[in-house]
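J.: Take this structure first; my questions come after.
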Amino acid sequence: MQYVLNLLFNDYFIILCCFLFSIFLGFIIFLLSFIFAKQNPDSEKISAYECGFEPFEDARNKFDVRFYIIAILFIIFDIEVVFLFPWSVSLYMTGLSGFWAMMGFLFILTLGFVYEVIKKALDWQ
């Protein structure tokens, strides 16, 4: 029992150290950028950037549905990447059946991406 607890503690202790280091590093980078960066916003910095509408207008303004389409497509392809990482780590355990299952999943997503390109869902006019 003690061996199992020590083994679990050692494994999770490494993850805890990485987590704490990443929080510490993020805080230090944020602090340094706040200290050394110039804090003088001008009209160019607060102008509309890639989103197509002014950032400080009424919240009830209508805007194009293409923003939602691009956001949904972005989420879909992020989920694909989320599935690829654990699959690549456990590929030796799943064998050929796991490999071909993921190839089928990627094929379906590739067909969806080709359909988006053909329908020009990613083109911005």
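J.: Each residue of the stretch 13-23 in turn: what ³J(HN,Hα) in whole Hz from Karplus with 6.51, -1.76, 1.60 and θ = phi - 60°, glycine and Pro shown as x?
T.: So the J values, rounded to whole Hz, are 5, 5, 5, 4, 5, 5, 5, 5, 5, 5, 5.
J.: Restricting attention to the alpha-carbon atoms of the stretch 52-125, what are Rg (one decimal) and Dmax (integer), both in Å?
T.: My reading of the Cα-based Rg and Dmax gives 17.7, 55 Å.
J.: Quick one: 3J(HN,Hα) in Hz for the stretch 97-102, Karplus 6.51/-1.76/1.60 with θ = phi - 60°, rounded, Gly and Pro as x.
T.: 5, x, 4, 6, 5, 5
J.: How far apart, in nanometres, would the label points at THR94 and ALA71 be if each is projected 7 angstrom from Cα along the Cα-to-Cβ direction?
T.: The two pseudo-label positions are separated by 3.0 nm.
J.: Now for a different question. Residue separation times 0.36 nm, minus the C-alpha to C-alpha distance between SER43 and ILE79: what's the value? Intermediate values should be presented prior to the final figure.
T.: Working: separation 36, 0.36 × 36 = 12.96 nm, distance 3.66 nm.
Roughly 9.3 nm would be gained on extension.
J.: May I ask for the net charge around ASP123, where only other residues with Cβ less than 14 Å from the Cβ of ASP123 are counted and Lys, Arg are +1 while Asp, Glu are -1?
T.: Details: positive: ARG66, LYS119, LYS120; negative: ASP64, GLU116.
Net local charge, ASP123 excluded: +1.
J.: Determine the gain in length on full extension of the stretch LEU109-ASN6; use 0.36 nm per residue of separation and subtract their C-alpha separation, reporting nm with one decimal. Provide the component values of the computation, followed by the final result.
T.: On the way: separation 103, 0.36 × 103 = 37.08 nm, distance 4.27 nm.
The span from LEU109 to ASN6 would gain 32.8 nm if fully extended.
FYI, it's all coordinate maths here, none of it is from the lab. Just so you know, these numbers come straight off a predicted model, no measurement behind them. Reconstructed Cβ throughout: ideal geometry from the backbone, glycine too, with neighbour counts over all protein chains shown.
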